[in-house]
Amino acid sequence: MTQAQIIDGKAFAAGLRARIAEDVAKLKALHRIQPGLAVVLVGEDPASQIYVKSKGEQTEAAGMRSQTFILPSTTSQTDLLHLVSKLNNDPDTHGILVQLPLPAHLDPAPIIAAIHPDKDVDGLTVTNAGRLASGLPGLVSCTPAGCLMLIKDALGDLTGKTAVVVGRSNLMGKPMAQLLLQADCTVTIAHSRTRDLPAVCRQADILVAAAGRAEMVRGDWIKPGAVVIDVGITRLPARDPEKAAAGKTRIVGDVAFDEALQVAGWITPVPGGVGPMTIACLLNNTLIAARRLSGIEG
Ligand code: NAP
């Protein structure tokens, strides 16, 4: 039996970033507009710090204006809302992203709700969720948008395909399902209460696993030839006991990769699959936002 094709998300994301950089250069040359992304980080969460640094570097590499606001963990709700309001009113800021999770004393819902929907490059506001569900132009959550690009690159036209999305979060599962529905798939959303999850998954021509459960999806859950998109990220101790004892870790997805490789038609690895698409799609959303806010489409 032939093995699945491994979807190289890192290479795809690099290509997308290069296309974005070309479009940014054109926007500057033709319209004197430089897309600007503001990222707000509250506190010292080490994983968020690395992620925010990477976002800033990639934003600048694409020729965009990058602003990073690093606020102390003691920042009040009022001060954070004040900054969001300032950025909403700044004509040079086209995208605003407040890095989650926020420290426990801050309530994320009103902060997200305060972001102007047309600058909400994370696609998290209720307005953008509603636009997506209604088929209206808006800003779509970055990870599902990236997954859809990878799926379309593998399969081309998705019309009539059966898609199963495991996970129903506002960030990932729900927008993923909406995007697949818009692409004319027949979509099932599975979650922790789904009965006989393996049987549901086995129906999928397109299986998107976004549950955050390490290697839950086994080889015999997969329909032969299916596209398997593994969104999950779980950090486990390194396989080598000595390295594990030294505190070294490894990252695994929601899919038992070696088993799935024998059955699927296409599969994303973890790391190197979906992950790199997220920041690339954030840049894409910032470019889209800059064009729309400036009245330029296309
Ligand atoms: P989340 O908010 O925790 O949602 C997880 C979803 O999975 C929930 O809907 C939950 O169902 C469902 N679920 C949990 N256990 C399950 C099980 N045993 N069987 C079936 N469904 C189950 O997580 P998220 O934010 O959507 O993220 C999901 C995963 O993707 C995480 O590992 C996260 O780190 C990763 N992620 C990766 C990227 C990336 O860039 N690669 C971006 C975003 C997220 P209920 O609703 O019933 O509880």
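Could you look through the stretch 94-116, keep only residues that are outside any helix (DSSP H, G or I) and more than 21 Å from the chain's Cα centre (by Cα), and pick out the one that is surrounded by the fewest Cβ atoms within 10 Å (Cβ to Cβ)? Once the filter is applied, the top-ranked residue is Ala104.
You will find that of Leu158, Leu132, Leu150, the residue that is in a helix (DSSP H, G or I) and in contact with a strand residue (DSSP E or B) (Cβ under 8 Å, 6 or more places away or on another chain) is Leu150 and no other. Of the residues screened, Gly123 is one that is under 30 Å from Gln203 (Cβ atoms) and outside the structural domain of Cys201 (by TED's automatic domain parsing).
Name the single residue, out of those in the stretch 159-182 being hydrophobic (A, V, I, L, M, F, W, C) and open to solvent by 50 Å² or more (accessible area, probe 1.4 Å), that is nearest to Leu136 (Cα to Cα).
In this case the residue turns out to be Leu181.
Filtering the stretch 249-291 to residues that are more than 16 Å from the ligand (Cβ to nearest atom) and either modelled with pLDDT under 95 or polar (S, T, N, Q) (or both) leaves Gln262, Thr286. Going by the conditions given, is Pro101 at pLDDT below 95 and farther than 23 Å from Thr125 by Cβ? Considered against the rule, which asks whether it is at pLDDT below 95 and farther than 23 Å from Thr125 by Cβ, Pro101 comes out as no. Do we find a residue being among the hydrophobic types (A, V, I, L, M, F, W, C) and free of Cβ contacts under 8 Å to residues at least 12 places away in the same chain anywhere in the stretch 112-134? Within the stretch 112-134 (the criterion being among the hydrophobic types (A, V, I, L, M, F, W, C) and free of Cβ contacts under 8 Å to residues at least 12 places away in the same chain), the answer is no, since none of the residues qualifies.
Here's the yes/no breakdown for (1) in contact (Cβ under 8 Å) with a residue 12 or more places away in the chain; (2) in the same structural domain as Asp230 (by TED's automatic domain parsing); (3) buried (at least 18 other Cβ atoms within 10 Å of the Cβ):
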site: Asp157; (1), (2), (3): no, yes, no
site: Asp184; (1), (2), (3): yes, yes, no
site: Val187; (1), (2), (3): yes, yes, yes
site: Cys201; (1), (2), (3): yes, yes, yes
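Taking the stretch 200-224 as the region of interest, how many residues are more than 9 Å from the ligand (Cβ to nearest atom) and under 15 Å from Val263 (Cβ atoms)? Final tally of qualifying residues: 16.
Residues in the stretch 224-249 that are out of contact with any Cys (no Cβ under 8 Å at 6 or more places or on another chain), within 30 Å of Thr188 (Cα to Cα) and open to solvent by less than 90 Å² (accessible area, probe 1.4 Å): Gly225, Ala226, Val227, Val228, Asp230, Gly232, Thr234, Leu236.
Restricting attention to the stretch 32-52 and to residues that are open to solvent by 30 Å² or more (accessible area, probe 1.4 Å) and modelled with pLDDT under 95, the residue that is nearest to Ala13 (Cα to Cα) turns out to be Tyr51.
The values are calculated or read from the model by the stated rules, or taken from the named source; none is laboratory data. Being a predicted model, the structure only gives us computed values, none of them experimental. Backbone-built Cβ (ideal geometry, glycine too); neighbour counts: all protein chains shown. What goes into the accessible areas is simple: the full protein's heavy atoms, side chains included, and nothing from ligands, DNA or RNA. Shrake-Rupley method; radii C 1.70, N 1.55, O 1.52, S 1.80 Å.
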